[in-house]
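Remarks on the structure that follows.
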Amino acid sequence: MKHGFPIASTLIVFVAAAYFLVPLYATFQFSLQMKRGELSLASYASVLASADFINTLSYSAIASFAAILFGAILVVPTAYWVRLKLQKLRPAVEFLSLLPLIIPPVVLVFGHIRLFGSSSILPLTMTSTGTDILLIVGYVVLSLPYMFRAVDNGMAAIDIATLTEAAESLGASRLRTIVEIIFPNVRSAIVAGAFLTFSISLGEFVLASLLNRPAFGPYMVQLGEDRAYEPAALAILSFALTWILMLLMQLFATRKPNQRLLPRFGTGQSRKLAP
Amino acid sequence: MSFLDLHAINKSFGPNTVVKDFNLSLARGKFVSFLGPSGCGKTTVLRIIAGFENPSSGTIHIDGQDVTGLTASQRKIGMVFQAYALFPNMNAAGNVGFGLKVAGASRDEIEARVAEMLKLVGLLGFEKRFPFELSGGQQQRVALARAIAPRPRMLLLDEPLSALDAKIRVSLRAQIREIQRELGITTVFVTHDQEEALSVSDDIVVMHAGLIEQHGNPFDIYNRPATPFVADFIGQLNTLHAEVAEPSRNMVRIGAAELNVPSLPAIARAGDRVALKLRPESMRLANGHDRGIALSGHVAHASFLGSVVRLGIDLGGGDVVKLDSFNDRQTLPPEVGAPLTITFLVDDIVSTQMANQQRSA
Ligand SMILES: Nc1ncnc2c1ncn2[C@@H]1O[C@H](COP(=O)(O)OP(=O)(O)OP(=O)(O)O)[C@@H](O)[C@H]1O
Ligand SMILES: [Mg+2]
């Protein structure tokens, strides 16, 4: 059965698109108006020239990468074990992994400060390395809902129970099975979780500012208080960065196991299936 | 001394006992099939042998060694799964070489063995292919090569062919059997396809509800079923109803014909109705110079299956028997309703049961 032109749904799409695009366009336009009477990229030049921009961005990038690494090391074996042996606990673990969405980061960071403050047995906040660790741990927690979900979905796509048994019957230990069979097969899921983690923690404000870290989030806020045009440029820049990450995620997540990290150009080689 | 020994194995999942007092001894180099209806515990026993499942009680010995307490990775048993279970992140060579790599073999050694194994399963040249680039049959052959590459003590296969289409199923089962013979590896093969079991096995273990109904070679299983279940489960059976004439001399009566059957249930009394069970191929269309018992009836239905013509023949009294005859270019299949006479030998009666099921129990 055919209907006429879907007016209502088209309208909804346009309204929704406008809701996102109009502010974005307004911000973009504003960011070009730093020089009176002409459109220029001066505000972008000003942002990129600032040493604080580079320093805070690289600090946050490193912290985010560390969070991804620890997150993966924590989440992959956990999700694996829960799927393999503790199926009944899966709803509970899933709920736990969602807690960071319910509990505000402020609560988390004050918990951190109380637990690891100057008078605790493990006074992590007293050193800058210790505080870095707290920040990274905080990022791991914040990204848990996304990381766990991505990895758990990745594991749903392969028959991990049978693959594990196959590896075991070939003499492999559990650790070896995880490292050589499970990890590589959920790699694209980990990458997906990793990019989400990255986009959350790169501009994160609450944890970084309350732990007093020189991170990108607090820098953006600071800039917003001090300047007029640069924050708009910064917003557009970080928006572009996020989109680039999303595109990369698509690229990596859909890779086949035998593809190279980057597509090989020029050789024109292709693989044919046997009849 | 037997090679594989399962002694008094029981297995319960919660309140359900799915394997009951399972005893099995297998000689080295044998190919044995577990055959039985869905849910009878075939996979469970196989997984207990593999070490993926712990028995609730009982012991498992392989080659004289008690392996009951060993993990699957310590048992050195190759396993082939219904769903292939190839490692998706490795190519064929990586899959086949995995067990050797785990065992710490050198690169050269692995490479040589991988080539040898792929050659054995007819996939030389497929080293670089990933599982998603192989057909189901090819994947299963890689899985077989992977299982036997580390020279396991035994090979277990859990319905390895059921995901494949009919033609490949037949050719691959022959190939599996050939490879098994060549390597002389003791093998347990789980299937619910009786033709598969009959065609490849040295021995068949027929299982039902967690119990062994019969353990024997295919010829005996088919021709001398030990229990009514085995007789019914394996192959097809025709039922002829008869009336007991003289229990002491094993005499029964079908219409006017009196026949001396090989055996009668102990509880049979004169006048009781009994069911004689015969394989369809034991019955022939009368051609004028037959031995044995002749019964007449008419064709109830006829189907032409190509090489075989399958007739249903109504012998009256509610008995409709199946009868297969080979296609003959010169002779048209009989028409429905045509009168026919069939003959059989009393020695071909597989079993005689009380017609009333309650009384035979
Ligand atoms: N992990 C388990 N937990 C609970 N019950 C189980 C478990 N595994 C198997 N069972 C039960 O044990 C019985 C035997 O199962 P099993 O898988 O051994 O049957 P099978 O003979 O292999 O059947 P199929 O031909 O369908 O594969 C079934 O009733 C099944 O429901
Ligand atoms: Mg099974």
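Over all directions, the average projected area of the alpha-carbon convex hull for the stretch A:1-132 comes to how many nm²?
17.4
Are there any trypsin sites (Lys or Arg not before Pro) in the stretch B:121-166 that are in a DSSP loop and have at most 14 other Cβ atoms within 10 Å? List them by number.
In loop regions of the stretch B:121-166 (DSSP not H, G, I, E or B), the sparsely surrounded trypsin sites (Lys or Arg not before Pro) are B:128.
From the alpha carbon gyration tensor of the protein assembly as shown, can you work out the equivalent ellipsoid semi-axes (sqrt of 5 times each eigenvalue) and give them in Å, largest to smallest?
71, 30, 25
Net charge near residue B:150, counting Lys/Arg +1 and Asp/Glu -1 over other residues with Cβ under 13 Å of its Cβ?
In short, +4.
Comparing A:172, A:16, A:192, which has the greatest mean-square fluctuation in the GNM of chain A with Cα pairs linked when under 10 Å apart?
Looking only at A:172, A:16, A:192, the largest GNM fluctuation is found for A:16.
Classify the stretch B:266-308 from the C-alpha gyration tensor, please: rounded if a/c falls under 1.5, else prolate or oblate depending on whether a/b exceeds b/c.
Taking the square roots of the gyration eigenvalues as a ≥ b ≥ c, the stretch B:266-308 is prolate.
Over the stretch A:41-265, with the other protein chains present, what is the accessible area per residue in square angstrom, probe 1.4 angstrom?
Per residue, the stretch A:41-265 has 51 Å² of solvent-accessible surface.
Specify whether the C-alpha gyration tensor of the stretch A:41-265 places it in the rounded, prolate or oblate class, a ≥ b ≥ c being the square roots of the eigenvalues: rounded for a/c under 1.5, otherwise prolate if a/b is larger than b/c and oblate if not.
Note, shape of the stretch A:41-265 comes out oblate.
Output the residues of the stretch B:122-146 meeting this criterion: accessible area (heavy atoms, 1.4 Å probe) in the chain alone minus accessible area with all protein chains in place is 10 Å² or greater.
B:128, B:129, B:130, B:132, B:133, B:138, B:146
Quick one: grab the alpha carbon gyration tensor of the stretch B:187-305, order the square roots of its eigenvalues as a ≥ b ≥ c, and give me rounded if a/c is under 1.5, else prolate or oblate depending on whether a/b is larger than b/c.
Judged from the Cα gyration tensor, the stretch B:187-305 comes out oblate (a/c at least 1.5, b/c at or above a/b).
What are the extents of the Cα atoms of the stretch B:10-148 along their three principal axes, in Å, largest first?
48, 31, 27
Which one of B:168, B:48, B:148 has the biggest mean-square fluctuation once chain B is modelled by GNM with Cα springs under 10 Å?
Per the Cα network of chain B with a 10 Å cutoff, B:168 tops the list.
All other residues with a Cβ under 10 Å from the Cβ of residue B:313 taken together, and with Lys, Arg as +1 and Asp, Glu as -1, what is their net charge?
With Lys, Arg at +1 and Asp, Glu at -1, the net is -1.
In terms of the ratio Rg/(2.2 N^0.38 Å) built on C-alpha atoms, what value belongs to the stretch B:269-361?
1.19
Name the residue farthest towards the positive end of the dipole of chain B from the options B:306, B:183, B:288, assuming +1 on Cβ of Lys and Arg, -1 on Cβ of Asp and Glu, about the Cα centre.
B:183
Among the listed pairs B:119/B:167; B:20/B:101; B:11/B:128, which have their C-alpha atoms separated by more than 32 angstrom in this model?
B:20/B:101; B:11/B:128
Which value, to two decimals, describes the C-alpha radius of gyration of the stretch A:63-172 once divided by 2.2 N^0.38 Å?
It is 1.29.
Chains B and A: what accessible area do they bury, summed, in square angstrom to the nearest 100, with a 1.4 Å probe?
Adding both sides of the contact gives about 2300 Å².
How big is the C-alpha Rg of the stretch B:105-187 next to the rule-of-thumb value 2.2 N^0.38 Å, as a ratio?
Its radius of gyration relative to the 2.2 N^0.38 Å reference: 1.08.
Give the Rg/Rh ratio for chain B, taking Rg as the radius of gyration of the Cα atoms and Rh as the Kirkwood radius, to two decimals.
Ratio value, two decimals: 1.07.
Take chain B, connect every pair of alpha-carbon atoms lying under 10 Å apart with a spring to form a Gaussian network, then pick out the residue of B:337, B:235, B:41 with the largest mean-square fluctuation.
B:337
Taking loop as defined by DSSP and a crowding limit of 12 other beta carbons within 10 Å, which trypsin sites (Lys or Arg not before Pro) in the stretch B:285-348 fit?
Listed in order of number, the matching sites are B:291, B:329.
I'd like the residues of the stretch A:154-183 whose 1.4 Å-probe accessible area shrinks by no less than 50 Å² going from the isolated chain to the full set of protein chains.
By number: A:163, A:165, A:168, A:169, A:170, A:176, A:180, A:181.
Within 10 Å of each candidate Cβ there may be at most 12 other Cβ atoms; applying that plus a DSSP loop requirement, which GluC sites (Glu not before Pro) in the stretch B:232-338 survive?
Qualifying residues, ordered by number: B:335.
In the protein assembly as shown, carbon and sulfur make up what percent of the accessible area (probe 1.4 Å)?
60
Taking only the C-alpha atoms, wrap a convex hull around the stretch B:148-257 and report its volume per residue in Å³ as a whole number.
165
The values are calculated or read from the model by the stated rules, or taken from the named source; none is laboratory data. This structure is a prediction, so every number in the text was calculated from the model and none was measured. Cβ: placed from backbone, ideal geometry, glycine included. Neighbour counts: every protein chain shown. Accessible surface is based on the protein model in full, side chains and every heavy atom, while ligands, DNA and RNA are left aside. Shrake-Rupley method; radii C 1.70, N 1.55, O 1.52, S 1.80 Å.
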